[in-house]
Structures are given as C-alpha cells and as structure tokens.
1. Mind counting the residues in the stretch 44-68 that are exposed (fewer than 15 other Cβ atoms within 10 Å of the Cβ) and hydrophobic (A, V, I, L, M, F, W, C)?
2. Within the stretch 76-107, how many residues turn out to be modelled with pLDDT under 95 and at positive phi?
3. Given the structure, is residue 30 in contact (Cβ under 8 Å) with a residue 40 or more places away in the chain, in contact with a strand residue (DSSP E or B) (Cβ under 7 Å, 6 or more places away or on another chain) and acidic (Asp, Glu)?
4. Just one of (1) in the same structural domain as residue 128 (by TED's automatic domain parsing); (2) within 16 Å of the chain's Cα centre (by Cα); (3) surrounded by fewer than 16 Cβ atoms within 10 Å (Cβ to Cβ) trips up residue 110, so point out which.
5. From the list 16, 49, which residue is outside the structural domain of residue 116 (by TED's automatic domain parsing) and more than 15 Å from residue 115 (Cβ to Cβ)?
6. Quick one: would you say residue 43 is at pLDDT 95 or above and assigned by TED's automatic domain parsing to the domain that holds residue 20?
7. Evaluate the stretch 81-95: report whether one residue or more is of a type in the set (Phe, Trp, Tyr), surrounded by 12 or more Cβ atoms within 10 Å (Cβ to Cβ) and over 12 Å from the mean Cα position of the chain (by Cα).
Amino acid sequence: MSYKMLHTCIRVKDLEKSLAFYQGALGLVETRRIDYPEYKFTLVYLSDESKAYELELTYNYNQEESYEIGNGFSHTAVETNDLEASHKKHQDMGYQATKLMGLPGTEPSYYFVTDPDGYRVEVIRASKKN
C-alpha cells in the first residue's frame, strides 16, 4: 500500500489578501475553487507549476476573529532558484521576512516570510543539481 501527499489546508480570514500573498509573493496558481454559499465557506486550491501538491485555503464567510495557528504547526516550505531576489521581493512587497539564515556552520540558505494570517512560509535556496 502506498500514499501520495495531496494538499495542506489552512483557514484564512481575508481570501483576497491571502490570494495576493500566495499568488503574488510565491507565484502559486489557482487550480480550482469550490464555493459553498449555503454553508458560508469557499475552498481555493493553489499549486506550483508541477501541480503535484496543493495548498487549500479555506475561507469561512464573516469570520470575525483571527484563527489561532497553534504551537504544533510551524510552517510550509517552498524553494527558489534565487534566494536573495526572492527575499528582496518579499521585503519590497511589505511582507514580514526574517533575515537570511543558515543551519549552524552553513551559509545562509533560507528565510521565513509571513502571510496575512500569520502563517510562516520557509523559502529555501534550491540545491544545485549535479
């Protein structure tokens, strides 16, 4: 028996702000959208060009309070072929981005950027293929 990862779901307070972040800042594309107006929620699925895995944004209509992210969830991760340009882009867009960091004893290879709901996305330098 085998399993395939399909998607990760996060709840968002402002769908348009979240779409602006994930599409504009990370280049993800909307792959499908399912509206349930009678149940007052919308699901929007986003993916990269490979479409191998999706991020599901769940938008509950009229959500007044912010969601609690919890201390068990840490972050999602994406990779980029130009870490420094990505970092500058996210800073220029006004998103909260950490400084470039590396694991102990290594050169900087990642940073975190925070989406409008407080979810952190780790942006990692793509490894060079031999």
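1. 1
2. Looking only at that region, the number is 1.
3. No; evaluated as a whole, the condition is false for this residue.
4. Of everything listed in (1) in the same structural domain as residue 128 (by TED's automatic domain parsing); (2) within 16 Å of the chain's Cα centre (by Cα); (3) surrounded by fewer than 16 Cβ atoms within 10 Å (Cβ to Cβ), residue 110 misses just condition (3).
5. None of the others qualify; the one that does is 49.
6. Spelling it out, residue 43 is indeed at pLDDT 95 or above and assigned by TED's automatic domain parsing to the domain that holds residue 20.
7. yes
The values are calculated or read from the model by the stated rules, or taken from the named source; none is laboratory data. All of these numbers come straight from a predicted model, not from anything done at the bench. A quick note on method: Cβ atoms are made from the backbone with ideal geometry, for glycine too, and the neighbour counts reach across all protein chains shown.
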